[in-house]
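Report on the following structure.
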Amino acid sequence: MNALNALIGDPAGRRRYPLPVVILASGLPMFMVALDNLVVSTALRTMAVDLGATTTQLQWFLTSSPG
């Protein structure tokens, strides 16, 4: 066992993170992507009317969003 493992306290050298931190670290980005997809899909009709976009162009709007 090296000195770093002795400091951490885990003989296998693994770090242990609290469950709420793991859930927050994975859940927050997923929530932001879902929120972005909701905003873009809600605005599709307005973009189609205001920009005169075709269906193909609207599909580009959806696929270019981070979700």
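The values are calculated or read from the model by the stated rules, or taken from the named source; none is laboratory data. What you are looking at is a predicted structure, and each value in this text was computed from that prediction instead of being measured. Cβ: placed from backbone, ideal geometry, glycine included. Neighbour counts: every protein chain shown. Accessible surface areas use protein heavy atoms only, side chains included; no ligands, DNA or RNA. Shrake-Rupley method; radii C 1.70, N 1.55, O 1.52, S 1.80 Å.
Within the range 1-33, if we keep just the residues that are open to solvent by less than 100 Å² (accessible area, probe 1.4 Å) and either in contact with a Gly (Cβ under 7 Å, 6 or more places away or on another chain) or of a type in the set (Phe, Trp, Tyr) (or both), the residue that is modelled with the highest pLDDT turns out to be 33.
Return yes or no: is residue 52 modelled with pLDDT under 90 and over 17 Å from the mean Cα position of the chain (by Cα)? When the stated conditions are applied, residue 52 does not pass them. Entry remark, the range 34-56: residues being in a helix (DSSP H, G or I) and either open to solvent by less than 90 Å² (accessible area, probe 1.4 Å) or among the hydrophobic types (A, V, I, L, M, F, W, C) (or both) number 15 in total. Whenever a residue of the range 17-38 is within 16 Å of residue 63 (Cα to Cα), its partners that are open to solvent by less than 90 Å² (accessible area, probe 1.4 Å), lying with C-beta atoms within less than 6 angstrom and at least six residues away or across chains, give the pairs 33/67; 36/65; 36/67; 37/67.
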